[in-house]
Structures are given as C-alpha cells and as structure tokens.
There are 2 protein chains.
Amino acid sequence: MTHDDATAARRPPGPVLPVVGGPPAERADAAQNRRRILAAAAAIVAERGPDALSMDEVARAAGVGVGTVYRRFGDRAALAYAVIDDREARFQAAFLTGPPPLGPGAGAAERIRAFLHALVDRTEDQLGLLLVAEMDSADARFAEGSYELYRQHLALLIGRIRPEGDVRWLADALLAPLAANLYGYQRRTGGMSVARVKAGYDALLAGLTAPGGPAAP
Amino acid sequence: MTHDDATAARRPPGPVLPVVGGPPAERADAAQNRRRILAAAAAIVAERGPDALSMDEVARAAGVGVGTVYRRFGDRAALAYAVIDDREARFQAAFLTGPPPLGPGAGAAERIRAFLHALVDRTEDQLGLLLVAEMDSADARFAEGSYELYRQHLALLIGRIRPEGDVRWLADALLAPLAANLYGYQRRTGGMSVARVKAGYDALLAGLTAPGGPAAP
DNA sequence: AAAGGAAGCGGAGAAGTCTCCGGTTAACGA
DNA sequence: TCGTTAACCGGAGACTTCTCCGCTTCCTTT
C-alpha cells in the first residue's frame, strides 16, 4: 500500500522479453542484483529453512545493501513468493496446456478435482515458505500473480458446470482451505493426512459439481 | 510454541468462577492488571483503530510494564482476540441456545446457513482486529477457543446431513473463506459486497446440503 | 565522447515484537 | 502477626522489518 516503488512489479522474474511499450526497462545492474538476491534467498532457504529467510541476511549474502532488497522485492512476503515461483514455473503450464486430467481434454469436474489435488501437493511441498509469505503481508497471497491465475482457471471451469453461480467467489472459496496457516494447522497440529485433505475436497466437490450439472444421477 | 508461560491460558477472560480443582488461582494484582490491560487495549482500538494496537503503548496506557502484557496475553494476536471476545461474548450463546434459525429448533441445513451468514456479519464488524490477530501469529486463529467451537458446531450440523463425510475437514472448509485476509481482500480490493459473500455461501451450501440429503429434488 | 538526468544503491535509524531475569509482593500456613 | 514461597512485575535490550535520503552509476541524447 505504501509502495512508491513500482519496480518490483515492473519486471516479473523470468526470461527477458523484448519490451514493446511498457515502462522504462530495468537497468542492467538492477537486474543482476535481482538475480543475486534471489539466488541468495534460495540458498538460505535450502540450507537453513524458510524461517531463516531474513532480509538483512539475504542482503549480506547477496553482497548488496538491505535497501536494494526492498527496492527489488518490496517486502519479505514478495521475496518468499519469488523463491516459490522460481521453483515451480512449470506447474502453471501443467494445468493450462498439459495433458488431461489436469490440462485441457477432460471434463470440467474432473479438471477441477485434478487441479485442487495438485494444489494440495504444491501446498504441502512449499508449506514453510508459504507460511512465511502469508504471515508477513495480509494480501500478498492475493496480490501475487499466481493466485489470480488459479482463481481465473477455477472460475472458468466452475462456470461450465454452474453458469448461474458467482464463479469468482466460489473459486475463492475452493482455494481458501489451502491457506497456509489453515493447512499447516491441519497437518501439524490437527493430525490430518494429505490424503484426508484430498478426500475432503472430493466430498466438497461432489456437491458442487453433481447437482444441476450435465451428469445428474 | 516457545511459551513456557501457561498463565495466559490458565484463566480465560470472563467472570471469576469459584475454582474447584484446577491450577492455582490467579493472584489479585494479576487479575487487576489483566483488566487494566484489556481496557487500555479496547480504548486504543476504539480511538485510533486496530492498527494502532501496539504492545508498548498498551502497556504504557495500562500503567504496567510491557513484560506484564506479554505474561498475561502471550502475544499480540492473543491480545487482539481477547478484545474481540470481550466485545461479543453473547454471539456464542446465540447459536448454541438462542432462537431458531440460528439456535436449536430449525433444520440442520437452515442452521448452517444462518450460522455462516451471522459469521459473515461478525467478520465484517471485527475485520480490522481479526486482520491484526491473524497476521501476527500463524495459528492463533485456530488455537484460540472460539474457532474450535465454531468448527464443532458446524461439524455437528454437517454430520446430520452428510454422516458419511469428513465433517471436521468440511467444517474447516466452510470456515476458510472467512479468513480475515481473504475476506478483507474481497471487500476492500475485490469490490465484493457483504450480500455477495452471503449469496456465495448459499450457492456452496446448495450443493453440500441438498444431494443425497433428505430433500433431494 | 561528454553531459545530463533518472534510476539505483547503501546503511543508519525508526518502530515494533518479544525475551530475560533481578527485585518485589501477594497469599497462606503456623 | 509473621515468615516463606511462588507468582508476579518491569524495563533494558536483542532482533526484525522497513524507510529515508545523500551519493553513485548507468543509459540516452546530442
């Protein structure tokens, strides 16, 4: 909210594309610093766990000032999400263009189920970092790009089954149980297994995708 | 996690009851300090908003040291929840013993709907404080007593409609869209109205409570 | 090639949470 | 009433995140 720095959002991490008409390009030294910071952050997480991801330390390890880390990534949550994105850029392609049942080619209900199951696995894998990120900024999870992508994907599929419903809210609702704090609590304190969460989703989806849909019993 | 101080949980705020066999009673000065701290916190929130709720300031306003605030409430999230609880102790009674459709006397599906609608209103009212509390501690929301109560209440009602399902996970799933960060994002950035959230719940519940239940079309 | 200007850099410091532990005090039994 | 003890108090300080702003560096334009 109090960012007067648009740089962090200006160049999403990824391969450098030829710019057409957007904002002024990122300077070469800035781009190098971004890579250095991201590499340092990933190394710290890999070696000492997500909780050790401190901005001061990342800056020191990357050989830059702490101000530079903040200029490039905005806040700790954004840095954590950048590390996650770096790790799983390919996941996003899987449900957009990959083989069924995750990708196109299967029925909507089946794709929704496959997508949510895959997302459970992703949440399980990245739980530590997700927890750090969500805890640090109230809306980092939603402001960050991939949440919006997930929501749109789900909303599209839901719309094929329930065109009359509020697909945007329903997509949020289906994503909500994978908030890191709830999922982490279920797994660590509540003693729920991954399979149980997936089965829970199946029960929830049974109600949402069956009645009134094309495949009513 | 790193609490070796059990005091905060020992005496849930509320009227002092005669102790039967529990842990040693809270000392009189300690009880008075708790009241002072709670009153100071509530006053700060009322005057300058939930974001101004800082532990140092609460301590100063209450006339105690900051260590005392931490001894009594554990952390900032717990203090925020204590202020919330103080405000709406009566809400919990409403769905347990009040008149239908919230209280006993109505059908399970109807009670679930009434309960979630009421919870939307509560979330709307207390959004600022809930945001502060949830942001400060990963599992404060779930560790705090009322979440467990809500979950059990919902699980019981769900069990009447879908006895074969995982009622505990389903209860979590129905509560998840009311996480303060998601709800806050929908309301403040996403432009969703309160009515829209309630309608979304209705759509979600239609699938969950209708099929296989006693009222199949 | 040189200059001008915008973007970037760095680290001191503000602000906040939470811990630690020596000194104090309330509660209770004798 | 008085002594004992466990609970409690307070605030200095460790540790973080994040801001601010004077100085530096890169890019573009001439």
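Derivation of every value follows stated rules applied to the coordinates shown; laboratory data play no part. Everything numeric in this text was worked out from a predicted model, so none of it was measured. Reconstructed Cβ throughout: ideal geometry from the backbone, glycine too, with neighbour counts over all protein chains shown.
With contacts taken as Cα pairs under 8 Å and at least 6 residues apart, segment A:28-74 reaches a relative contact order of 36 percent. Across peptide B:192-198, the mean count of Cβ atoms from other chains lying within 10 Å of each residue's own Cβ comes to 2.
Here the contact order of segment B:86-209, divided by its residue count and restricted to Cα pairs under 8 Å and six or more residues apart, works out to 25 percent. Remark: mean inter-chain Cβ contacts per residue of A:184-191 equal 3, using a 10 Å Cβ-Cβ cutoff to other protein chain atoms.
So which helices of chain A fit the span-like rule, where a helix is a whole DSSP H run, its Cα atoms reach 27 Å or more along the axis, and its mean Kyte-Doolittle is at least 0.5? The qualifying helices: there are none. Relative contact order of chain B, taken over Cα pairs closer than 8 Å and 6 or more residues apart, is 16 percent. For A:Leu129, what is the net charge nearby, where nearby means another residue's Cβ is under 13 Å from its Cβ and Lys, Arg count +1, Asp, Glu -1? Net charge in that neighbourhood comes out at -4. For chain B, the 222 nm mean residue ellipticity estimated from helices alone, with every DSSP H stretch of n ≥ 4 adding -39500 (n - 2.57) and the total spread over all residues, rounds to -19500 deg cm²/dmol. Sorted from longest to shortest, the spans of the Cα atoms of segment B:157-203 along the three principal axes equal 38, 19, 11 Å.
Shape class of the protein assembly as shown from the Cα gyration tensor (axes a ≥ b ≥ c, square roots of the eigenvalues): oblate, since a/c reaches 1.5 or more and a/b does not exceed b/c. Distance from the Cα centroid of segment B:89-139 to that of segment B:146-160 is 11 Å (rounded to whole angstrom).
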